[in-house]
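Undergrad: Got a structure for you, written out below as structure tokens; questions coming shortly.
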Amino acid sequence: MNPRNRRIQVLSFVSLLTVCLLPMSAVLAQSTNRQIGTQFEVTADPLVPRPPEQPCVVSLFADFQFAHFSQSTQTFEFTPPANCSGPWEKVVLEADFSENGGVQFDRTASLYIANANLYFGTTPEPLATLTNTWHIERDVTDYSALFAAPQRGTIVLANCTSDCGAPFNTLNGVFTVNANLEFYPARRGQGDDSTQDRENDHRGKRTPDQVLPLTQTNGSGGINLPATLGSPTDQLSTTFTLPTNTEQAYLDVVAQSQFIDEQWYGCFPNDLASISQFVYGCVNTDFRETEVTIDGNLAGIAPVSPWVFTGFLPDQWVPMPGAQTLDFVPYRVNLTPFAGLLSNGQPHTIALSVFNDDNFFSATASLLLFLDSRSTQVTGAVTKNTLTSPAPVVTENLQGTSTVTGTIKVAVNRNFTIAGYVHTSHGKVTTAVSAQQNFSGTQTIDFDTVNATVLDQKTDVENSVSSATTVSDDEGAVVTQEDFSFPITVDFIFPVSSSPFGFTVTTGQKYQAGKAVSRGGHVIHATAVTNSVNSTDVSPAASSQTYTSSDSDGTFYNCHIASANNILTTVSHGCSPDSQDKDKD
């Protein structure tokens, strides 16, 4: 469940009764739901590209229902495909969700195998009378090490109906979920030949040898649940004694904002808490980041993505949700400079926390390890680490007494380098990660102090991280340039008498991620993704999404969809599955 403050909950509850604006046929949509004239859940996101071979399909579970809190955590048994043993060229997770028409909040869903998170996202709020459906796909090839043996799996989706309690005992939305894994056998010439390891590393084709989740079971019978981080000092942490031949290490991180921090990107500095309580209700400024530590020392950062859930505001997010709302994209932190330390045979604690957390974040993380198959002991050390805690700079420029207007600005700019080396069976390998972070947040407010009312709050938050990772060995140096940004703009206007909530919201998001791998100045491989979403519930309601992705192998995808008055009106030709190239050799 996505807890939120009571005022937003009540407004959200009322809106569910009016969200279906036009009558529709009761026919279920296809998984992509791109049917012009409908309100079924739809995104412009692409399907995962597949190899041409037929996959081996393993059903994880079928028709799991989530109606009550007692059903929130359901387990299943996974058995590897007997006719399709690894290595696999690709493994794809598929999940299909449905929700009956009615009244319900948006909920959080997560899926695990061997306590490692494979999926994390939220559900939309339901349509009034129609069964809504949506389809999730995720490339989980990097988690192949989990699938070599039978495992227990878990899906978590906290929901309630008759057990909700007043005033929400009329909620009746029930979720039904099906999930499977598709295994694509490695083609001839592919596989685990160690002579190809380094080249496969650079092209992202080598998969980790071990996947180890950070766990927080909390007496739940050994089942890993998302960690609840209620303050900056709370941590999701696990102590490992790792293989002594670890030569590379990464941490996949998801940190989902909840409750008071759900709209963290609109939070005010603490001295303006009296104003903040009338909009988002959170303080500690609008800067958040996930921090990774090893044995208590900062080892990496993961920017917090400004995901927007359909409960804020529901009439803004029909039929399409915000960027990644249904399927969060994890952020991968490179911990390879610490591989020598982690391989020393001693226990080490890996932890994550959220800087400026104001209650609360749900978090998961998995450690991905690459091992030196020709060595039993890798040695090395960290040679440089200039990463320090951020120091947000706050500038307030406010005027007036009965009406307060002006801007609140927050900035964080820093550069850091983390470097280390390992002695492996193929020689000394040095890894240096040099990164630059630029964060800027501007809140432009118009506040009526006499009536304690926010008339307008414009939020503009930009956060970018750019890193260059240089891996040097006896064959030379390979440089990987990675760029991440996920800005958000929100215009919150109050009061608006024509709105069922008393206020309106206009939102813009633009997720961008790029990666280029070079050797000797020549690009080996490159990828780029842009996912833009714009939405408003200002009459007439309208929204659009454009998803573009490409790579240097020639794959290109460009899909644009749009809606008006909560009805899908536009689907570009680029959204066709035929326009998305299959995997290339």
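The values are calculated or read from the model by the stated rules, or taken from the named source; none is laboratory data. None of these values were measured; they are calculated from a predicted model. Methodologically, a virtual Cβ is constructed for each residue, glycine included, from the backbone with ideal geometry; neighbour enumeration extends over all protein chains shown. When the accessible area is computed, the model is the full protein with side chains, heavy atoms only, and any ligands, DNA or RNA have been set aside. Shrake-Rupley method; radii C 1.70, N 1.55, O 1.52, S 1.80 Å.
Undergrad: Quick one: which residues, 5 or more positions from F64 or on another chain, have an amide H under 5 Å from its amide H? H modelled 1.01 Å from N in the peptide plane, none for Pro or chain starts.
TA: Residues meeting the criterion, in which the H sits 1.01 Å from N, are V177.
Undergrad: Convert each backbone phi in the stretch 448-461 into a coupling constant with the Karplus relation 6.51 cos²θ - 1.76 cosθ + 1.60 (shift: θ = phi - 60°), then list the ³J(HN,Hα) values in order as whole Hz, x for Gly and Pro.
TA: Taking θ as phi minus 60°, the curve returns 8, 6, 5, 9, 6, 10, 7, 7, 6, 9, 9, 10, 9, 10 Hz for the stretch 448-461.
Undergrad: Could I ask something else about it? Using the heavy atoms of the protein chains and a 1.4 angstrom probe, tell me the accessible area per residue for the stretch 376-514 in square angstrom.
TA: Computed with neighbouring chains in place, this is 44 Å² per residue.
Undergrad: Let me ask another. Could you work out the relative contact order of the stretch 36-133, using alpha carbon pairs under 8 angstrom and six or more residues apart, expressed as a whole percent? Each step should come with its number before you reach the end.
TA: Values: 89 pairs, mean separation 26.2, N = 98.
It comes to 27 percent, rounded to a whole number.
Undergrad: Using a 1.4 Å probe on the protein heavy atoms, what percent of the accessible area of the chain belongs to carbon and sulfur?
TA: Details: 11450 of 22250 Å².
Summing carbon and sulfur atoms, their accessible area is 51 percent of the total for the chain.
Undergrad: Excluding ligands and nucleic acids, what accessible area in Å² is computed for L130 using a 1.4 Å probe, to the nearest 10?
TA: Rounded to the nearest 10, that gives 10 Å².
Undergrad: Taking 0.36 nm per residue of separation and subtracting the Cα-Cα distance, what length does fully extending D553 through T228 add? Mind dumping the intermediate values first?
TA: Numbers: separation 325, 0.36 × 325 = 117.00 nm, distance 4.07 nm.
Contour length minus Cα-Cα distance gives 112.9 nm.
Undergrad: Could you tell me the center-to-center distance, by alpha carbons, between the stretch 439-474 and the stretch 312-352 in angstrom?
TA: Centre-to-centre distance over Cα atoms comes out at 20 Å.
Undergrad: Just need the relative contact order of the chain here, percent rounded to a whole number, with Cα pairs under 8 Å and 6+ apart. It would help to have the intermediate numbers written out before the result.
TA: Numbers: 1607 pairs, mean separation 83.5, N = 585.
Reported as a whole number, the value is 14 percent.
Undergrad: List, in the order given, every pair from K428/K510; K384/K409; K90/K384; K384/K458; K458/K515; K205/K428 whose Cα-Cα distance in the structure shown is over 30 Å. It would help to have the intermediate numbers written out before the result.
TA: Working: K428/K510 40 Å; K384/K409 32 Å; K90/K384 36 Å; K384/K458 41 Å; K458/K515 32 Å; K205/K428 22 Å.
With Cα atoms farther than 30 Å apart: K428/K510; K384/K409; K90/K384; K384/K458; K458/K515.
Undergrad: How charged is the neighbourhood of G222? Take every other residue with its Cβ under 15 Å from the Cβ of G222, and add Lys/Arg as +1 and Asp/Glu as -1.
TA: 0
Undergrad: I've got another one for you. Count charges around L342 for me, please; just the other residues with Cβ under 15 Å from its Cβ, Lys/Arg as +1, Asp/Glu as -1.
TA: Numbers: positive: none; negative: D209, E247, D295, D372.
Net charge in that neighbourhood comes out at -4.
Undergrad: Taking H placed 1.01 Å from N in the peptide plane, check which residues at least 5 places from S231 or on another chain put their amide H under 5 Å from its amide H.
TA: none
Undergrad: Counting only DSSP beta bridges with both residues in the chain, what percent are antiparallel, rounded to the nearest 5?
TA: On the way: 204 of 204 bridges.
That works out to approximately 100 percent antiparallel.
Undergrad: Right, another one. In sequence order, what are the phi-derived ³J(HN,Hα) couplings for the stretch 304-321 according to the Karplus relation 6.51 cos²θ - 1.76 cosθ + 1.60 with θ = phi - 60°, rounded to whole Hz, with x for glycine and proline?
TA: 7, 7, x, 5, 10, 9, 6, x, 9, 8, x, 6, 8, 10, 10, x, 10, x
Undergrad: If one takes the longest principal axis of the Cα atoms in the chain, at what angle in degrees, from 0 to 90 and to the nearest 10, does the Cα axis of helix 6-15 lie?
TA: Once rounded, one gets 70 degrees.
Undergrad: Whats the longest run of the chain with zero trypsin sites (Lys or Arg not before Pro) that are DSSP loop and have at most 16 other Cβ atoms within 10 Å? Don't skip to the answer; put the middle values down first.
TA: Details: sites that count: R187, R188, K205, R374, K582, K584.
The answer is 375-581.
Undergrad: Let me ask you something else. Run through every distinct alpha carbon pair of the chain and return the Kirkwood hydrodynamic radius in angstroms, one decimal place.
TA: Values: mean 1/r = 0.0401 Å⁻¹.
It works out to 24.9 Å.
Undergrad: Ok, one more. Quick one: accessible surface of E125, probe radius 1.4 Å, all protein chains present, in square angstrom to the nearest 10.
TA: Estimated to the nearest 10 Å², E125 gives 10 Å².
Undergrad: Shifting gears a bit: In sequence order, what are the phi-derived ³J(HN,Hα) couplings for the stretch 422-427 according to the Karplus relation 6.51 cos²θ - 1.76 cosθ + 1.60 with θ = phi - 60°, rounded to whole Hz, with x for glycine and proline?
TA: So the J values, rounded to whole Hz, are 9, 9, 10, 5, 10, x.
Undergrad: For the stretch 421-515, I need the span (max minus min coordinate) of the C-alpha atoms along each principal axis, in Å, sorted largest to smallest.
TA: 70, 23, 16
Undergrad: Now for a different question. Taking the Cα atoms of the stretch 495-540, report the difference between the largest and smallest coordinate on each principal axis, in whole Å and largest first.
TA: Extents along the principal axes, in whole Å: 62, 16, 11.
Undergrad: Sticking with this structure for a sec: Under a 5 Å amide H to amide H cut-off, with H placed in plane at 1.01 Å, what residues pair with K384 once short-range neighbours are removed?
TA: Excluding prolines and chain starts, which carry no amide H, the hits are A419.
Undergrad: Where does the charge balance sit around A95 when Lys and Arg score +1, Asp and Glu -1, over other residues with C-beta under 10 Å from its C-beta?
TA: Working: positive: R138; negative: E94, D96, E137, D327.
Around A95, the surrounding residues sum to -3.
Undergrad: If you average the sequence gap of Cα pairs under 8 Å that are 6 or more apart and divide by the length of the stretch 318-455, what percent do you get for the contact order? It would help to have the intermediate numbers written out before the result.
TA: Values: 205 pairs, mean separation 33.2, N = 138.
Reported as a whole number, the value is 24 percent.
Undergrad: If you don't mind, there's one more thing I want to ask. So what is the 222 nm mean residue ellipticity for the chain from helices alone, if each DSSP H run of at least 4 adds -39500 (n - 2.57) and you divide by all residues, rounding to the nearest 500 deg cm²/dmol?
TA: Details: 4 runs with 25 residues, N = 585.
So the calculated ellipticity at 222 nm is -1000 deg cm²/dmol.
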